[in-house]
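**Student:** Got a structure here, written out as structure tokens. Questions coming.
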Amino acid sequence: MGAWDELSLFPLLPSWVPGVAAGIASLHLIQKLLFPYFWADLRYLLKVLVYGLRVEFYRQRGKIVTVLDKFVNLAEKQPHKPFLIYDGKVHTYRDVDRRSNRVAQVFRHHSTLKKGDTAALLMGNEPDFIHVWFGLAKLGCVVAFLNFNVRSRSLLHCLSSCEPKILVVGADLLGTLEEILPNLQKDISVWIMTKDSTFPSVHTLLDKVEAASEDPIPVNHRSASNLKSSVLYIFTSGTTGLPKAAVISHMQVLKGSAGLWAFGATAEDIIYITLPLYHSAASLLGIGGCIELGATCVLRKKFSASQFWSDCKKYNVTVIQYIGELCRYLCSQPVKDEEKNHKVRLAVGNGVRNDVWREFLDRFGAVKICEFYGATEGNICFMNHTGKIGSVGRTNFFYKLFFPFDLIKYDFQKDEPIRNKDGWCEKVKKGEAGLLISKVNAKNPFFGYAGNKIHTEKKLLSEVFKKGDLYFNTGDLLVQDHENFLYFWDRIGDTFRWKGENVATTEVSDVIVMLDFIQEANVYGVSVPDHEGKAGMASLILKQNRTLDLEQMYKQVVTNLPGYACPLFLRLQETMEMTGTFKQQKFRLADEGFNPSTISDPLYFLDNSKKAYILLTKEVYERILSGQMKL
């Protein structure tokens, strides 16, 4: 066919075709200009819908498939595939399944545990954390994850709030056990991951596990009749007070385990977990996500900035988990030639600062940062599926249909939502910071806190926009821009975040006022340049005719508080300022910070290298700002 013949084909096309083609091209251009994220939003929304429909399909058939059920099925389908790699040793799906069976058999025959009982787990990152967790779950127990950084009084509070029948303690945490054992409730049976024990009335687990049968526990022990039934307690500081046991249902575990899949991870991925397993990020998103995918995870005892990328290279890691601090620690490491020589393609987490985000991408290569927002006990989640720097996620009309939420005006001085003359809350405009609240309904329930009805009720807002409505108060301030991207702005109330952990100011002040020379303590967070979150600072009022004993102060906080909750700064004042509603004034103090040049009150700094509080001079202040003093 000649050139003329080819051209002659065009007149044979209907006259309307060029117009339609031009229209499609115009629509495509308009979509790109006015709705640039349309297809990305649609893909993400379809994933959410598909997963929700799959869960609903099983529920309608009366067959609830839990994450543990999925794991047991995978152990049958791919028994030899590595599930867990720890310290160079490979644990296959079958290995983990069989050892968790052993754990279940021990408690079935050597304890009085039954389906529905609570068992508490105080262990660090190690394979046996997962073996014990799964073993207890196979018996139908609700497992409470205890934060191993929490000590003495706070730890005893955690145990009393979840009322466990047994407590399992890791071999490396026997010192923590020794602190609480004299005051532990007598009806809690204590088990330790060793073969022998010097503690009276404490059971050893390791020897019994090694001698136990690998036979599976009957399925009816773990079978779930309701997606809303409790399966875990994960402790969170929430907005005030001592740690609270967030009730985690099968539904929440299933949602959490879908996170990596929603961000595009597959069964071929290798996931690197350095975050503590007592955190929902590591346990639900990490381990649960690995099971949802049928993938492999590399577990590390604790995060190491210097070994991070060498581990990723050694184990061919493709997906990493992070918190904001973790990314900053990596960026603070000396530049190495091989730091881009890895296979990591996704980084999933939250709390990374804009400047760190950019530096991370520049230094470590083509890694897609998958930032998300979600509270352990919350009923709302956002995912930044587009990779927009700084954003915690996106929303649109359809997303709000399934997960209704709003950002409302908040009074920072009164520490409560603003209500108009008719008593209703008001939504903020786009670009303004507002308190994130999420509607509580049958599809998006709030399960509250174990053994704490008062705090559960405090997290709920009623009569928000109309009579009878009910919302979950996240305690977080967010901003929604004109493109419907959401950005984290700050936390409200008596909580701030430091080193990736929530610090409840009331818990810290309660520990400080136990000292016989302290009259009152006002704890708040202060911003430190080049650090995520806020560092703890305590304003102190001494009792009459008493002096500040810095040695006693140091001993008190490090003994009774997790390291991240110990106040880095102290400020000695004559009188305590109060708000108009007779609450301690925190906002002005927080704004003033810790600069000795502008504050006339005596200031002190927690110098970890000297294991003491030292006078905060101008020289020390400059060394902190320059990064010479380790925080």
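**Student:** Longer than 32 Å from Cα to Cα, which of Lys195/Lys313; Lys409/Lys611; Lys336/Lys630; Lys186/Lys534 are they? Say none if no pair is.
**Tutor:** Lys195/Lys313; Lys409/Lys611; Lys186/Lys534
**Student:** Mind checking the per residue accessible area of the range 495-626 for me, 1.4 Å probe, whole number of Å²?
**Tutor:** Accessible area per residue, the range 495-626: 46 Å².
**Student:** Let me have the relative contact order for the chain, percent, based on Cα pairs under 8 Å that are six or more residues apart.
**Tutor:** Dividing the mean separation by the residue count of the chain yields 9 percent.
**Student:** Under a point-charge model restricted to the Cβ atoms of Lys and Arg (+1) and Asp and Glu (-1), what is the dipole moment magnitude of the range 113-263 relative to its Cα centre, in debye to the nearest 20?
**Tutor:** In total the dipole reaches around 680 debye.
**Student:** Exceeding 25 Å between C-alpha atoms, which entries from my cross-link table qualify? They are Lys430/Lys499; Lys70/Lys115; Lys388/Lys430; Lys421/Lys466; Lys114/Lys439; Lys586/Lys618.
**Tutor:** Long pairs (Cα-Cα over 25 Å): Lys430/Lys499; Lys114/Lys439.
**Student:** Kindly work out what percent of the DSSP beta bridges joining two residues of the chain are antiparallel, to the nearest 5.
**Tutor:** Taking every DSSP beta bridge within the chain, about 60 percent pair in antiparallel fashion.
**Student:** If you keep only loop residues by DSSP, which trypsin sites (Lys or Arg not before Pro) in the range 164-210 have at most 14 other Cβ atoms within 10 Å of their Cβ?
**Tutor:** Answer by residue number: Lys186, Lys195.
**Student:** Same structure again: The range 234-325: which trypsin sites (Lys or Arg not before Pro) are DSSP loop and have at most 13 other beta-carbon atoms within 10 angstrom?
**Tutor:** When the trypsin sites (Lys or Arg not before Pro) of the range 234-325 are filtered for loop state and at most 13 Cβ neighbours within 10 Å, Lys301, Lys302 remain.
**Student:** Right, something else. Please give every one of the lysines within straight-line cross-link reach of Lys47, meaning a C-alpha to C-alpha distance under 16 Å, and leave out same-chain neighbours fewer than 8 residues apart.
**Tutor:** Leaving aside lysines fewer than 8 places away in the same chain, those within reach of Lys47 are Lys255, Lys400.
**Student:** Further, regarding this structure: State to the nearest 20 debye the size of the charge dipole of the chain about its Cα centre, where the only charges are +1 on K and R beta carbons and -1 on D and E beta carbons.
**Tutor:** 1360 debye
**Student:** To continue, here is another question. What does the charge dipole of the range 247-383 about its Cα centre add up to, to the nearest 20 debye, if the Cβ of each Lys and Arg holds +1 and the Cβ of each Asp and Glu holds -1?
**Tutor:** 220 debye
**Student:** Quick one: Cα centre-to-centre distance for the range 219-234 and the range 517-545, in angstrom?
**Tutor:** 42 Å
**Student:** What does the highest-first list of 123-134, 359-370 look like by mean Cβ count within 10 Å?
**Tutor:** Going by the mean number of other Cβ atoms within 10 Å, highest first, we get 123-134, 359-370.
**Student:** If you don't mind, another one. Taking all protein chains in place and a 1.4 Å probe, what share, in percent, of the accessible surface of the chain do carbon and sulfur account for?
**Tutor:** The value for the chain is 55 percent carbon and sulfur by accessible area.
**Student:** Apply 1/(1 + (r/R0)^6) to the Cβ-Cβ distance of Lys430 and Thr559, taking R0 = 45 Å, and write down the FRET efficiency to the nearest 0.05.
**Tutor:** It comes to 0.40.
**Student:** Points 7 angstrom from Cα along the Cβ direction at Ile418 and Asp601: gap in nanometres?
**Tutor:** 2.9 nm
**Student:** Now a separate question. When the Karplus curve 6.51 cos²θ - 1.76 cosθ + 1.60 is applied with θ = phi - 60°, which whole-Hz ³J(HN,Hα) does each residue of the range 138-147 get, with x for Gly and Pro?
**Tutor:** Result, ordered by residue: 5, 8, x, 7, 8, 9, 9, 8, 9, 6 Hz.
**Student:** So, one more: Given the -39500 (n - 2.57) contribution per DSSP H run of 4+ residues, what per-residue ellipticity at 222 nm results for the chain, rounded to the nearest 500 deg cm²/dmol?
**Tutor:** Computed mean residue ellipticity for the chain: -9000 deg cm²/dmol.
**Student:** Continuing with this model, one more query. Given 0.36 nm per residue, what is the gain on full extension from Phe38 to Ser223 after removing their alpha carbon distance, in nm?
**Tutor:** Stretched out fully, the Phe38 to Ser223 stretch lengthens by 62.6 nm.
**Student:** Can you tell me the mean projection area, over all orientations, of the convex hull of the range 495-626's alpha carbons? Units nm², please.
**Tutor:** About 7.9 nm², averaged over all directions.
**Student:** Among the trypsin sites (Lys or Arg not before Pro) within the range 73-163, which fall in a DSSP loop and have no more than 14 other Cβ atoms within 10 Å of their own Cβ?
**Tutor:** Qualifying residues, ordered by number: Lys114, Lys115.
**Student:** Label 7 Å along Cα→Cβ of Glu56; the range 373-402 residues with amide nitrogen under 20 Å?
**Tutor:** 379-382, 396-402
**Student:** Mind checking which aspartates and glutamates have their C-alpha under 16 Å from Lys459, skipping anything on the same chain fewer than 8 residues away?
**Tutor:** Answer for Lys459, where 16 Å is the Cα cut-off: Glu377, Asp406, Asp415, Glu416, Asp469, Asp476, Asp494, listed by chain and number.
**Student:** How much accessible area per residue does the range 224-328 have, counting only protein heavy atoms and a probe of 1.4 Å, in square angstrom?
**Tutor:** Roughly 26 Å² per residue, with all protein chains present.
The values are calculated or read from the model by the stated rules, or taken from the named source; none is laboratory data. Worth saying up front: this structure is predicted, and the values here are computed from it rather than measured. No Cβ is skipped: glycine too gets one built from the backbone with ideal geometry, and neighbour counts run over all protein chains shown. The area values use the complete protein model at the heavy-atom level, side chains included, leaving out ligands, DNA and RNA. Shrake-Rupley method; radii C 1.70, N 1.55, O 1.52, S 1.80 Å.
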